[in-house]
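Below is one structure; the comments refer to it alone.
The values are calculated or read from the model by the stated rules, or taken from the named source; none is laboratory data. Note that this is a predicted model, so its numbers are computed, not measured. Note: ideal-geometry Cβ built from the backbone for every residue, glycine included; neighbour counts use all protein chains shown.
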């Protein structure tokens, strides 16, 4: 018995040794990593993200310039530490040369910081949309071909104040960097016009019981802005219905998204007519978007009626990765230097219009103000209200001036 | 158990000296662990090797309480978290909340002491109960601490916790580089492993085991059961807090997620799957846990990899209720019985063997 005990350290070490053999990197293949949240409150979002990524790869049949693209996927749970762990595994163990991901805001900031330690690997964002990822201390090798959470709200503050006539709005949002960005994007114009936000409720990701939040909502407001994603949004909307809440709701970009609208249940009643803004609009009648929807539905019959903004963001970033790869003829032998130059200059057609990058390698693209409608077959879709053209990261204000607003946080901006 | 022990001398009598073969395993194990960073990639050194050692050390504190004291605690991850939060609050962090800027050589001992005292306090509450009630009380404490740090912004920075908690540079070596961090984790793990082996045979360790086996009798002889158990919680707290400091350095951040109920259950799963009866068990469990956590995603459809992790743990406990250690023990018992049969073959089998050779 004692001998067995003493033998075990050796066994443990040998086990580790066996697992430690890394895969060799072949000359005619390119390794691409994909990272999304397949665990936790955002699991459904992660699934649809990978649909978008697969779609872009299927278009080129997993081959660029005669080189086969080998995809390795990883999963996180929306926490920065899980994202960095999964990224480290994909980069250092699987040896991916290009990484697409992550999905969630604070994950993006953590992966961007990690990217600085891996200068030879090219990182393209998935759908994470915290503004700080590219605006503050950006990494040279981190590219974001989707717009961020502040940009996604472009036009909404104005629409709510002037067209809807809501002057006082309460906010319920998750407590991390992406909703900070969304709230900032909504409040900057809204407060400037004279609107007031008397109360903000910040809830943790994965919160299940919203009864205390709902009870604490003020009565004397005109509407509630809800910036919650995935399971959190569905839980809040269902419980708000059950509690007999009647205030009009305004949706954050990922609240009025197919990952929420596509779910069955009571919350559906609460969201019809909900105004929102975001990088996609389900019923946009542009041929580029229509072709994308048809392509998505053909490839994934069990997906959503319309691709979510996550599928769209992963699709765009993967497509950008593949287009630039074709431009350099699949040559990453210089540690991706030429490849990243090509990426920085890339301008291309996406399902939601032209995308180009600013000097921080963040996308400049069109943003849609939308309203949720019920289609004849009962599906809930986002209908276009207006389109803001070429929205940049600082909403048209020079960067230095924009930075004077201070970093978005629980308490900033503020207009009680 | 007593049967296996009675057999042991007979098995090894004919072969080499048992002491030297045990020493050989120790030497091979030590060489492999020491040389690991030489042949492993930085990823394996840091994220598999060092992380297994750190998680194993947390689980070791669960094992010390459960294996020797018979007290299953779900609050040891909380103790590790208290030490981790203390480092973030007293030292430097990147969240612009707290971060009093104490030097590491002051912050680390204070964090470990604070964690150990917290563990003793948890023990003071828990030792009056036994069995499932101990589990419930420690689970309640773990849950309460999780919600407390999640809602407290002034001290713990709420849901987001602290990021940018960096380990120090000591003598020009940055401790978060894979190889230095691996050796630091190894040193801590080996130290506490050795200390546990020593304590197991010390007067205190034997008393603790006696209290586990028959508390009423021990009390009748005159031992103070509660005091011994609380001190055991304190010692386990030192182990967990030290691992907690390493854990916050490993992640370079700490948030309520680090001390969630899920994390507390993980520490127990690691201990049980590895084997709760001997101090090597938690480290084996941690290695399996970390390998699965990193590589299960490659085995199946990424959507379903958590199912694989769960199934492997179920399979281990189904085959061997006392974890991987128990499995190894059982295989050795079988092997020993076999070699015994060969060494002294029963009379009836002799002719058969003879004919087989012909």
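Look through B:131, B:123, B:172, B:164 and report the one residue that is more than 14 Å from every other protein chain (Cβ to nearest Cβ) and in contact (Cβ under 8 Å) with a residue 60 or more places away in the chain.
Details: B:131 fails: in contact (Cβ under 8 Å) with a residue 60 or more places away in the chain; B:172 fails: in contact (Cβ under 8 Å) with a residue 60 or more places away in the chain; B:164 fails: more than 14 Å from every other protein chain (Cβ to nearest Cβ).
One residue alone meets the criteria, B:123.
Return the total of residues in segment A:188-211 being in a helix (DSSP H, G or I) and more than 15 Å from residue A:223 (Cα to Cα).
Residues of segment A:188-211 that are in a helix (DSSP H, G or I), as a first pass: A:188-193, A:211.
Then drop every residue that is not more than 15 Å from residue A:223 (Cα to Cα), which leaves A:188-189, A:192-193, A:211.
So the answer is 5.
The rows are residues; the columns are (1) within 16 Å of residue A:124 (Cα to Cα); (2) in contact with a strand residue (DSSP E or B) (Cβ under 9 Å, 6 or more places away or on another chain); (3) buried (at least 18 other Cβ atoms within 10 Å of the Cβ).
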position	(1), (2), (3)
A:352	no, yes, yes
A:357	yes, yes, yes
A:362	yes, yes, yes
A:370	no, yes, yes
A:380	no, yes, yes
A:384	no, yes, no
A:388	no, yes, yes
Quiz item: Can you tell me how many residues in segment A:67-109 are within 13 Å of chain B (Cβ to nearest Cβ), touching a helix residue (DSSP H, G or I) at 6+ places or on another chain (Cβ under 8 Å) and in a strand (DSSP E or B)?
Solution: 6
Self-check item: Test: residue A:261 is in contact with a strand residue (DSSP E or B) (Cβ under 6 Å, 6 or more places away or on another chain) and closer than 25 Å to residue A:145 by Cβ
Solution: yes
Practice problem: Would you be able to tell me the number of residues in segment B:118-166 that are surrounded by 14 or more Cβ atoms within 10 Å (Cβ to Cβ) and at positive phi? | Solution: 4
Exercise. Hey, could you check segment A:116-168 for residues that are part of a strand (DSSP E or B) and touching a helix residue (DSSP H, G or I) at 6+ places or on another chain (Cβ under 7 Å) and say which is farthest from residue A:387 (Cα to Cα)?
Key: A:122
Quiz item: When only residues in segment B:34-44 that are assigned to a helix (DSSP H, G or I) and surrounded by 22 or more Cβ atoms within 10 Å (Cβ to Cβ) count, which is nearest to the other protein chains (Cβ to nearest Cβ)?
Solution: B:44
Quiz item: Hey, any hits in segment A:53-66 for a residue that's under 15 Å from the mean Cα position of the chain (by Cα), at pLDDT 95 or above, in a helix (DSSP H, G or I) and more than 8 Å from every other protein chain (Cβ to nearest Cβ)?
Solution: yes
Quiz item: Can you find a residue in segment A:24-39 that is more than 23 Å from residue A:83 (Cβ to Cβ), within 14 Å of another protein chain (Cβ to nearest Cβ), more than 24 Å from the chain's Cα centre (by Cα) and free of Cβ contacts under 8 Å to residues at least 40 places away in the same chain?
Solution: yes
Exercise. Working carefully through the options B:219, B:277, B:229, find the one that is more than 20 Å from residue B:189 (Cβ to Cβ), touching a residue at least 40 places away in the same chain (Cβ under 8 Å) and in contact with a helix residue (DSSP H, G or I) (Cβ under 7 Å, 6 or more places away or on another chain).
Key: B:229
Quiz item: Which one of these does residue B:155 not meet: (1) in contact (Cβ under 8 Å) with a residue 24 or more places away in the chain; (2) closer than 16 Å to residue B:236 by Cβ?
Solution: (2)
